[in-house]
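Have a look at the structure below, then the notes.
What follows is calculated from the coordinates using simple rules that are stated; it is not laboratory data. Worth saying up front: this structure is predicted, and the values here are computed from it rather than measured. Quick reminder, even Gly has a Cβ in these numbers, built from the backbone with ideal geometry, and neighbours come from all protein chains shown.
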Amino acid sequence: MAVLQNIRVKFGLAISIIIALALLSFIIDPNTLESALNSMSSKYDVGQIAGKRVSYTDFQENVDKFTTIHQIATGSSVQNEQNQLQIRNAAWQDFLDRYMFTKNCKEAGLRVGADEVVDLTTGNNISPVLAQNPAFADETGAYSPDLLRDFVQNDVASDESGRLKLFWNYLQNSVMVQKFYDKYGALFTNSAYLPQVFSDRLVAETNTTAKVDYVMVPFNYNDSTVKVTNAEIKAYYKAHKKDYKQAAGRDIEYVVYEVVPSEADIQKTSDDMEAAAAEFATTTNMKAFLLRNSERSYSEYWYTKNELASNLSSDIAEFVFSGAKGVSPVYKNGDMFRCVRTMDSAMVSDSVYVKHILLQGMDAKAKADSLCAVAAKGGSFSNLVAMYSADQNSAADGELGNLGWFTQNYLIPGFEPAITAEVGKPFVLNTQYGSHVVLVSKRTKPVAKKQVAILEKTALASKKTFNEFYSQANRFATLAGGTYEGYKKAIDSTGVYSHPMNNVTEATANYGSVSQAKEITRWVYDNKPGKASNIITVNNNFFFVVALKAVREEGYQPVNEVAPMIDDILRTRKLQEVTCKDVAAKIEGMTDLEEIATALKAGSNSREDVSFNTSGASMLEPALVGAAAAAPEGQVCGPVAGQACVYVFKVSDRASGSFYTAEDAATTEKQKAQYSAQMIVPTMMEYDNVKDNRARFF
């Protein structure tokens, strides 16, 4: 035991639990122990689908697979946050399809046979998964079975890495899954049958309008005889518990210290800009100068005056287009400092129409020079493209070699000289793709534009400033002392504003204007109510101190939380009953609506052209419209209970139209079926108790 105590002291609680479990394994049934371990580890599952756990390891393996598929499909390994989100969503959807959707399809008796898959991939009924895939489109953009066949027989077969086989397997599986979706959806859309009697009724109700005169008596919410007991609230809660299902949520408060540059930091940046301006005005190597001194690299973009004004500032635009020489003054915008130097002026078109011949290989440059000379002497450019160009797919407007209209913002990298090139005069460009003979055949009307170099610096907080803000946050966290009670005292002591935020979920990543702050969410879900955090640093310039007020676990809201809402529901029901009885007693034997209005001390109202179509919009309460639809014409009816009042009414002047037909009724039924089909997956997810915990990890 002495050894065990030493280990506990050195390694803490975690190792003690492991040792305790090892000791317990000698006396506890192995199945019981396994169940306990699984329960502990489920916290680290990405999700659960139809009773199957999706571990983080399994999910990450699927993410890796779909990352490879994304790279093959796009031809790029570059991923931004949006790409990563799309890949994770695809990986999760794959688990849903495997563990839930196709399982339920098969249980419903649906099948996608091997022969059907062959027909969908290589037969006469090509799946949209392949038919709409750009990888298998010919030069006209149409699906090419030859390209697919070549991909499978040659590319996949000869690929030793296995990546293309993985991609082909993915496509085949997607074809099959899509067919399951089509078949399951067809169960709903093709079953949209509307019996004739229902169709006739819907047409009649929709085409019928009437005038409804009514008297409205509001509820007396001050009636002290109308009471709701705790027993009634509990009984209602028990009967309607499913209505109070809730996701996990947390209620918090937080303070945040944003690190911003001090006046001294801003002044230093201003001084640095003024010091750099002299060299900026005289340097002969602008690209190198800006790399050393500016946050913005050199660009050969041609700006109009409006573009400079919108992208930089109106002051800079005025300076550049005034014809002033040298370097502009330093302009300040918030913490940003800029000055510019005009590099060139020209009349430049917004768009140019470009043709090219692409040469590749060791002698590409020499061939390009020769073909450029031929084209310059009047040789047919399209014939030269057909005979020599490696690019046989570009054929804008039906002519081989045409790349089409380009702007500065939509331009092949390396083709920038085309913007200012002379119309009809071919020239040679070298890009990452090879050597090009380029011909600008048309251009839009040239306008005055400028090329400018932009010296740009943002004032940043110095280390001293950073430490000052950290010190403030640290003082607050120290005063809070790790408790919500201490947090409230720290608020009173420092006068800092406390931000309340309720229902924080595991997917929450934004706190006010601060984004990508999942570290706060993780702290919130790893702690108990009444705790306050130490400093949580977000994006290197926000210091948070967070207090956890309340925890709502996934399940059902406690009855005490929903009691006020239930009280309102039950009180309204009782007021409906009491008011209806009171109105009925006061108007007993009366047949004139005006007489009834006088007896009830209420005004009378009237509404023309009330439609009795249950799917249509109405200015009247559904309870009144429904009662009026079945009421005999010319007879006083009621009382009818609404949500806040009771109605006594009379229907008159019923009229029938013919604007709504049986075809319209059938269309409405199909729309309902299509909506039902859209709810297939959400309903399955509820039925199979799908738990999506991805927000816990990403």
Query - Tensor-based shape of region 163-246 (alpha-carbon gyration tensor, a/c under 1.5 rounded, otherwise prolate or oblate) - result: oblate
Report summary line: Only helices counted: for the chain, with every DSSP H run of 4 or more residues adding -39500 (n - 2.57) and the sum spread over all residues, [θ] at 222 nm is -14000 deg cm²/dmol
Query raised in the report: How much net charge surrounds D45 when only other residues with a Cβ under 11 Å from its Cβ are counted (Lys, Arg +1; Asp, Glu -1)?
Result: +4
Query raised in the report: Of Y525, V438, S513, which is farthest on the positive side of the dipole of region 422-569, counting Cα position, with +1 on Lys and Arg Cβ, -1 on Asp and Glu Cβ, and the Cα centre as origin?
Result: V438
Query - Contour minus Cα-Cα distance for K488 and S658 (0.36 nm per residue) - result: 54.4 nm
Query - Linear extension gain, D138 paired with K268, 0.36 nm per residue minus alpha-carbon span - result: 40.9 nm
Requested in this report: Could you rank the peptides 545-554, 187-196 by their average count of other C-beta atoms within 10 Å per residue, with the highest value first?
Outcome: 545-554, 187-196
Query raised in the report: What is the dipole size for region 333-453, taken about its Cα centre, with +1 at each Lys and Arg Cβ and -1 at each Asp and Glu Cβ, in debye to the nearest 20?
Result: 340
Query raised in the report: For the charge dipole of region 110-189, defined by +1 on Lys and Arg C-beta atoms and -1 on Asp and Glu C-beta atoms about the Cα centroid, which residue among N124, L171, A157 has the Cα displaced farthest towards the positive pole?
Result: L171
Report summary line: Within region 310-345, the residues whose backbone N lies under 19 Å from a label point placed 7 Å from the Cα of S513 along the Cα-to-Cβ direction are 333-337
Requested in this report: For every other residue with a beta carbon closer than 15 angstrom to the beta carbon of R654, add +1 if it is Lys or Arg and -1 if Asp or Glu, then tell me the sum.
Outcome: -3
**Report entry** Projected label distance in nm at M679 and A235, using a 7 Å step from Cα toward the beta-carbon
**Finding:** 3.0
Query - Residue order, fewest to most surrounding Cβ atoms within 10 angstrom, among T431, T140 - result: T140, T431
Query raised in the report: What FRET efficiency comes out for the pair V260/E307, r = Cβ-Cβ distance, R0 = 30 Å, nearest 0.05?
Result: 0.50
Report task. Please list, or write none, the lysines whose alpha carbon is within less than 21 Å of the alpha carbon of K457, excluding same-chain residues fewer than 8 places away. Result -> K268, K287, K332
Report task. Would you please put 639-648, 97-106, 111-120 in order of how densely packed they are, using the mean number of other Cβ atoms within 10 angstrom per residue and starting with the highest? Result -> 639-648, 97-106, 111-120
**Report entry** Sorted by Cβ density within 10 Å, fewest first, the residues E456, E506
**Finding:** E456, E506
Report summary line: Treating only Lys and Arg (+1) and Asp and Glu (-1) as charged, each at its beta carbon, one finds that the chain has a dipole about its Cα centre, in Debye to the nearest 20, of 1660
**Report entry** Segment R201-A629, length gained on full extension (0.36 nm per residue, minus Cα span)
**Finding:** 152.9 nm
**Report entry** In nm, spacing of pseudo-spin labels at L85 and K103 (7 Å Cα→C-beta vector)
**Finding:** 2.9
